[in-house]
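The structure under discussion is supplied below as structure tokens; questions concerning it will follow.
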Amino acid sequence: MITVGVRNLKDRLSQYLQYVKDGETVIVTEHNKIIAEISTPQKQEALTPFEQKLVELSKEGEVILAKRRKSIAKPPKITEAEKSIDYKAILDEVRADRFPW
């Protein structure tokens, strides 16, 4: 979260808008009082209740949200042989020793 006075904001508006594009929230102050908040728009209807709670906590300063929306991790590729394995049956067989009922 970045705090800036009105005069500095007017002088360097492009710089502060770039901060907003990068995911930062810019708090605008006048005489040390907060008068505005500039941030990227959030689609409230597309957020899950969990994501909405994270946004609320972020506004309160409790958490810091990730700057990128999507994970760069790629899901593992599953082969046809792996798709045919009955994992539930294997798990039931392993658990049979511990849970005889």
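Anything in region 22-35 that is closer than 19 Å to Val63 by Cα and over 15 Å from the mean Cα position of the chain (by Cα)? List them, or say none.
Once the filter is applied, which keeps residues that are closer than 19 Å to Val63 by Cα and over 15 Å from the mean Cα position of the chain (by Cα), region 22-35 yields Val26, Ile27.
When residues of region 1-54 are filtered for being surrounded by 12 or more Cβ atoms within 10 Å (Cβ to Cβ), within 22 Å of Lys67 (Cα to Cα) and either aromatic (Phe, Trp, Tyr) or in contact with a Gly (Cβ under 6 Å, 6 or more places away or on another chain) (or both), how many remain?
Within region 1-54, residues that are surrounded by 12 or more Cβ atoms within 10 Å (Cβ to Cβ), within 22 Å of Lys67 (Cα to Cα) and either aromatic (Phe, Trp, Tyr) or in contact with a Gly (Cβ under 6 Å, 6 or more places away or on another chain) (or both) number 2.
Every read-out reported here was derived from the displayed coordinates using simple, explicitly stated rules and does not represent laboratory data. Keep in mind the model is a prediction, meaning the values are calculated, not measured. Virtual Cβ from ideal backbone geometry, glycine too; neighbours counted across all protein chains shown.
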